[in-house]
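Participant: This is the structure I have questions about; it appears just below.
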Amino acid sequence: MTDFTPQPSCATPEPVNTLRVEDAREKILQQISAISCWRKVALRDALGQVLHEDVISPLSVPPHANSAMDGYAVRGEDLKHQLISLKRVGSAFAGKPFDKTVHTGECVRIMTGAMMPEGCDTVIMQEQAEVNNDLITLHGEHHSGENVRLAGEDIQTGAVVLTAGRRITSADLGLLASLGFAELKVRRRIRVAFFSTGDELRSLGETLNPGDIYDSNRYTLHAML
């Protein structure tokens, strides 16, 4: 019975004066240098571009101390008592802060992300508070500073947030937008030329004569760019 087991179609001779792929790549890299030209692009057009310079934060994130929970902003010194009942004197929302000073025995209804009122350093979760009109009674044990995000907790003013040479991602765009960047300096895109050679090659749509094949490599290479 005839054996149809696939066999190598070409012999594998000992290499003679051949150049390994790794060596060829190294020779190419030795002849090129990083692009130094740059241009400014709008933030929305920066995805996939390469940063020309480090991005320095012009502000702190968050820019002010704010609440990490929906609840009640209180003074830490009021938490020393066993039974804590405080008078609600107002409310604070994200974008609409409470603009007065909170004194001893007072508290402010506060929403997540809202700026901490003057005089307050702690937020008690609403689930740990009993409401009776404007009298708020707190339950459980609490400590000063809980449930508060401090100014600059995520990013400090002057911090390097992205470094030169980084390819910008979708997450980077959100970060840069939060810091107020409308445009960026990015490196000029590299210019690439590629072509296919071979008398047998034909473009898509052309008629294939005996011995011809379609040029498929150029589409693969273009997609790899």
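Participant: Give the longest segment of the chain that steers clear of trypsin sites (Lys or Arg not before Pro) in DSSP loops with at most 10 neighbouring Cβ atoms within 10 Å, not counting the sites themselves.
Facilitator: 21-190
Participant: Excluding the sites themselves, what is the longest stretch of the chain that contains no chymotrypsin sites (Phe, Trp or Tyr not before Pro) in a DSSP loop with at most 14 other C-beta atoms within 10 Å?
Facilitator: On the way: sites that count: Phe4, Phe194, Phe195.
That would be 5-193.
Participant: Based on the Cβ-Cβ distance of Arg88 and Ala182, what FRET efficiency does E = 1/(1 + (r/R0)^6) give at R0 = 35 Å, to the nearest 0.05?
Facilitator: 0.30
Participant: Taking the DSSP beta bridges in the stretch 51-115 as the whole, what percent of them are antiparallel, to the nearest 5?
Facilitator: Counting DSSP beta bridges with both partners in the stretch 51-115, the antiparallel share is about 55 percent.
Participant: In addition: Helix-only estimate, please: 222 nm mean residue ellipticity of the chain, summing -39500 (n - 2.57) across DSSP H runs of length 4 or more and dividing by its residues, to the nearest 500.
Facilitator: After summing the helix terms and dividing by the residues of the chain, the value is -3500 deg cm²/dmol.
Participant: Might you report the magnitude of the Cβ-based charge dipole of the stretch 66-149 about its Cα centre, with Lys and Arg at +1 and Asp and Glu at -1, to the nearest 20 debye?
Facilitator: Here the stretch 66-149 has a charge dipole of around 200 debye.
Participant: Three principal axis extents, largest first, for the C-alpha atoms of the chain, in Å?
Facilitator: 93, 58, 40
Participant: What lysines does Lys40 reach when the alpha-carbon gap must be under 26 Å and sequence neighbours fewer than 8 apart in one chain are set aside?
Facilitator: Lys185
Participant: Another question, if that's okay. Antiparallel as a % of all DSSP beta bridges within the chain, to the nearest 5?
Facilitator: Looking only at bridges with both residues in the chain, the antiparallel portion is about 80 percent.
Participant: Can you compute the radius of gyration and Dmax for the stretch 66-149, using only the Cα atoms, both in Å?
Facilitator: In Å, with Rg to one decimal and Dmax whole: 11.0, 34.
Participant: Can you find, among Thr137, Val41, Gly158, the residue farthest towards the positive end of the dipole of the chain? Put +1 on the C-beta of Lys and Arg, -1 on that of Asp and Glu.
Facilitator: Val41
Participant: How big is the antiparallel share of DSSP beta bridges in the stretch 66-149, given as a percent to the nearest 5?
Facilitator: Within the stretch 66-149, antiparallel bridges account for around 80 percent of the total.
Participant: Enumerate the amide H contacts of Ala164 below 5 Å, restricted to partners 5 or more residues apart or on another chain; note that Pro and chain-start residues carry no placed amide H.
Facilitator: Correct list: Asp54, Val55.
Participant: Let me ask something additional. Can you list the aspartates and glutamates whose alpha carbon sits under 15 Å from that of Lys100, skipping same-chain ones fewer than 8 residues off?
Facilitator: Of all the aspartates and glutamates, those that pass the test against Lys100 - Cα under 15 Å, at least 8 places apart if same chain - are Glu118, Asp121.
Participant: Through the Karplus equation 6.51 cos²θ - 1.76 cosθ + 1.60, θ set to phi - 60°, convert the phi angles of the stretch 108-120 into ³J(HN,Hα) values in whole Hz; use x for Gly and Pro.
Facilitator: 10, 5, 9, 9, 4, x, 6, 5, 5, x, 4, x, 9
Each value in this text was obtained by applying a stated rule to the coordinates, not by laboratory testing. Only a predicted model underlies this, so the values are computations on that prediction, with no experimental measurement involved. Methodologically, a virtual Cβ is constructed for each residue, glycine included, from the backbone with ideal geometry; neighbour enumeration extends over all protein chains shown.
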